[in-house]
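The values are calculated or read from the model by the stated rules, or taken from the named source; none is laboratory data. Values in this document were obtained by computation on a predicted structure and should not be read as measured data. Cβ placement follows ideal geometry from the backbone for every residue including glycine, while neighbour counts extend to all protein chains displayed.
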Amino acid sequence: MSHCGTLNFPRRILQLLDCEVARAYCRAWFATIAILASCVVSAAAAAQEPAEPVQIVELRAGFSGHFKVGYWAPFEVVVRAGSEPVSGNVELIVLDGDAVPTRVRPLDDAPLSLEPGEEKTVLLDAKIGQLKSDVIVGFRSEGRLIASRRLSTTTDEELIHIMPAGRELVIWLTARSGNDNQTPFDERRVSLAHVSDPSRLPVHWWGYEGVDAVILVTGQDEIDSQLNSNSPQMTALDQWVRMGGRLIWSAGKRAEKVLAADSQLARFAPGKLESMVPLRQSTMLETYADTAEPLDAAGGVFANGVPKLTDVRGSIEAYAGSNPRDLPLVVRTPHGFGEVVFVAFDLESPALVQWPARAQLFDKLLRKGRAQISESETGMLGQVTTLGFVDLSGQLRGALDQIQGVQLVPFWLVALLVLVYIVCIGPLDYFLVKKVLGRMESTWLTFTLTVVLFCAGAYFLAYQLKGNAIRTNQIDLVDFDAESGLIRGTSWSNLFSPQIDEYDVSLGIHTLGNNGQAAASPTLLFSWLGVPGNGYGAMDPPGGAMPLFTEPYDFSDKLDVLLHVPMAIWSSKAFVGRWWSEGAGKIEAELGDKGKLVGTLTSHLDGPLEDAVLIYQRWAYPLRQLKPGQFIDIETQLDPQTVETYLRKVRIQGDHNVSAPYDRGSLDVPRIVEIMSAHELAGGESYTGLVNQYQSFVDLSGLVKAGRAILIGRRAKAAAELTRDGQPMTTEADGRWTFYRYVFPVREQTR
């Protein structure tokens, strides 16, 4: 029996194995059937789901992808409808300078209607405040977000060409292509973007805000024919130059057409075309570029001749002949608060492209041949980095942060309170419950009371030091151009919030023209103000910024109001408003040049202009105070001193003239604004140890070098004020500084 059982044992094993295999096969079949059923159900569900209503096809940023952090820049969003018609609005969500999300929409914000499968391009302007951040493109219909796309400035091709605020951006506008590898600039500090289609240019002037110069080469028909005088692109370019931009215009062989009176570019011409004349020598350009490298003129630079201009306005920097007016080749002419650099020859000439000194020529055209910081001053730069900024705008922001009536808790007081707290919850609490109360379990009560008392004390102390009132600081800078009648204003504001709250913030403008009111109501562009650099709170922090708030606040449809700006308790936020109008200033000037400045000034202001100074060429004429109705004869009543002596506060010590070093840690607002207004004239970085890049339009040094006279002074009356819900937030305790600057033409007179 046992023997038979032993013989049957292998057969039993095989039977059991067969059963297990069968079960495995069954499980596999069931699993396969389940997967197939799931796929069928998913496919059916997908077939029932509606197609994506809108697709964000593409985002085009800046100029050929190039734009700066902290500045307005143009963006194009390409959207495509799905299988159904759709209507809605495109929006961009980006971080501001404090890493708080902001939302901007197209200027008119009219609903965009799309037919099934239709594709459209939407233009809008945005201002990104963090070098390392995300951009969210959305499409909102009936208040509901139905499509969105997130892009990163560090990984996505559309945004990776974003640049720090301190880097220079030059736009080369030409009909030719293929010049990308022929940049005449140092690529470590200047980015060059080629644009061959004028229709891709901004339609609002602030789209150029981050651009240092536009180079316009009119050697071919396409460019000037597309730049129609009535096109929004031409209007925006013209307005940007008038607001402080720089246009370098190379006329070249087509000068007869582009300089004609009916040309769309005639507004930028520094004179009238008399004729085209041949020119065979290039020594004047070699001299202008400060180089000994010969330029082969026979290679085509002047093959078609150059335009000869008459009635030339502005400063002639390069010319042929014995007199500058014989044949001007480079003319720098003021245009509003900006300048046009007219170049008679073709900047795309093969001979110029191959010239080894080409970079030096362009440095001169851009006026970048400024003195660099010497080795003896590099130690001072190390001190600047400890202040957290490398730009004069950072120093200005630091001055705005000094809110009157709001004090920071000193470190020694914090350390003392921490020490007292440790003593109270440690040795003192032990002594109280052990020796006085005699019950150790009482520490549950004593410890809690100690914590509550210290928290209440800290809260009370904070209120005593920081208060519970809204505070503001504001600096107004108002510019009048006597020749064109353009009024340009800039207001930097700082808002202190005593509690967690949201604010609808804007700017109320009070400045009026000569006849009691401006010729046109001022137009306002209002936004946040960032800090360039990579310091704490700047726009390029090393590790990226962590947003304190996640919900975006909005720009209004006209970009003149910020809506629902969130602010933490006892925090401050900086804003900048730029506004413009047409009108006349209330100071009349009749100025001429007889080898020195002559003429008269007459004030029609309703109050005195304090700390006034008139600057012309290399001379400064301190007025100290210009009273209402006062008449001044410059030649007989004012004693000039060199601009360097005035701006550097030079004093005589013994047998030497000693200039006062610039204090980068100073919070003296008038001194900061004075240096920002004439940074190049003061010596630039070599004197201040700071750049003036982020708010460079404030510097009027270029206008002075182009032959304008500048009158600068302070007024007690504010030009604008920060508003909340349309109501002023200003109190008598708030800080206010108002500066007026007048730009006057100077006629050349016979001696």
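Before moving on, here are some points about what is shown:
- When region 146-174 is limited to residues that are hydrophobic (A, V, I, L, M, F, W, C) and in a loop (DSSP other than H, G, I, E, B), the one that is farthest from W72 (Cα to Cα) turns out to be I160.
- When the criteria are applied in full, L614 meets the requirement of being surrounded by 16 or more Cβ atoms within 10 Å (Cβ to Cβ), touching a Phe, Trp or Tyr at 6+ places or on another chain (Cβ under 7 Å) and not β-branched (V, I, T).
- Residue satisfying condition, being within 17 Å of H510 (Cβ to Cβ), assigned by TED's automatic domain parsing to the domain that holds E502, among the hydrophobic types (A, V, I, L, M, F, W, C) and in a loop (DSSP other than H, G, I, E, B), within set L559, L548, L605: L605
- Residue within region 659-673 that is within 30 Å of Y503 (Cα to Cα), out of contact with any helix residue (DSSP H, G or I) (no Cβ under 8 Å at 6 or more places or on another chain) and not assigned by TED's automatic domain parsing to the domain that holds G533 present: yes
- Being of a type outside the set (G, A, S) and part of a strand (DSSP E or B) is not true of E644.
- Qualifying residue in region 622-645 (condition: among the basic types (K, R) and surrounded by 20 or more Cβ atoms within 10 Å (Cβ to Cβ)): no
- Comparison of L309, L327 shows that the only residue that is hydrophobic (A, V, I, L, M, F, W, C), over 25 Å from S581 (Cα atoms) and surrounded by fewer than 24 Cβ atoms within 10 Å (Cβ to Cβ) is L327.
- Test: residue in region 736-751 that is within 20 Å of V341 (Cα to Cα) and in contact with a helix residue (DSSP H, G or I) (Cβ under 7 Å, 6 or more places away or on another chain): yes
- With respect to the stated conditions, E590 is assigned to a strand (DSSP E or B), free of Cβ contacts under 8 Å to residues at least 60 places away in the same chain and surrounded by fewer than 19 Cβ atoms within 10 Å (Cβ to Cβ).
- Qualifying residue in region 111-118 (condition: under 26 Å from L525 (Cβ atoms) and either part of a loop (DSSP other than H, G, I, E, B) or at pLDDT 95 or above (or both)): yes
- The lone exception for A584 - which of (1) touching a Gly at 6+ places or on another chain (Cβ under 7 Å); (2) assigned to a strand (DSSP E or B); (3) farther than 25 Å from Q695 by Cβ it fails: (2)
- Test: G321 is surrounded by fewer than 22 Cβ atoms within 10 Å (Cβ to Cβ), outside any loop (DSSP other than H, G, I, E, B), over 28 Å from the mean Cα position of the chain (by Cα) and at pLDDT below 90: no
- Selection status of L711, within 29 Å of G592 (Cα to Cα) and either modelled with pLDDT of 95 or more or touching a helix residue (DSSP H, G or I) at 6+ places or on another chain (Cβ under 7 Å) (or both): yes
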